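Structure, as C-alpha cells:
What follows is calculated from the coordinates using simple rules that are stated; it is not laboratory data. All of these numbers come straight from a predicted model, not from anything done at the bench. Using ideal geometry, Cβ is built from the backbone for each residue, glycine included, and neighbour counts are taken over all protein chains shown.
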Amino acid sequence: MYVGYSRKRLRFKDMPIHTEIKNFAEELSALTGYKMLDEARDSRVVLLSRSEKPIRFL
C-alpha cells in the first residue's frame, strides 16, 4: 500500500495493480499449498492461509 514513508519515495503508479498482486498470490498458493481465502481490491491485498476457512478475531 501507498502509506507512510513509502509515499515520499514511491509514486502511486509504481505500485502493482490488484490483478498483479492476485496473480502473484495464485502462484504462491500453487507453490505453498496455502489457499486464497479473501481479497480486497481497493486495498490491493489477498489473504492466503493454511486454514480452509477464515479465522475469526475478536
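For the reader, a short list of remarks on this structure follows.
- Remark: the stretch 4-9, residue by residue, has Karplus-estimated 3J(HN,Hα) of x, 5, 4, 5, 8, 10 Hz, where x stands for each Gly or Pro and the curve is 6.51 cos²θ - 1.76 cosθ + 1.60 at θ = phi - 60°.
- Here the 3J(HN,Hα) profile of the stretch 36-48, calculated from phi with Karplus coefficients 6.51, -1.76 and 1.60 at θ = phi - 60°, is 7, 9, 7, 8, 10, 4, 4, 8, 6, 10, 10, 9, 10 Hz, Gly and Pro shown as x.
- Here Lys13 is the anchor, and the lysines within straight C-alpha reach of less than 19 Å, apart from those fewer than 8 places off in the same chain, are Lys22.
- In sequence order, calculated HN-Hα J values of the stretch 15-26 (Karplus, 6.51, -1.76, 1.60; Hz; x Gly/Pro): 6, x, 7, 4, 4, 5, 5, 5, 4, 5, 4, 5
- Cα-centred dipole magnitude for the chain, charges only on beta-carbon of K, R (+1) and D, E (-1), debye, nearest 20: 340 debye
- Helix-only mean residue ellipticity at 222 nm for the chain, each DSSP H run of n ≥ 4 adding -39500 (n - 2.57), per residue, nearest 500: -9500 deg cm²/dmol
- Whether the stretch 16-58 is rounded, prolate or oblate, judged on the alpha carbon gyration tensor where a/c under 1.5 counts as rounded: oblate
- Distances between placed amide hydrogens fall under 5 Å for Val45 paired with Ala40, all partners being 5 or more residues away or on another chain.
- In straight-distance terms, cross-link reach from Lys53 covers every one of the aspartates and glutamates whose alpha-carbon lies under 16 Å from its own, apart from those fewer than eight places away in the same chain; here that gives Asp38, Glu39.
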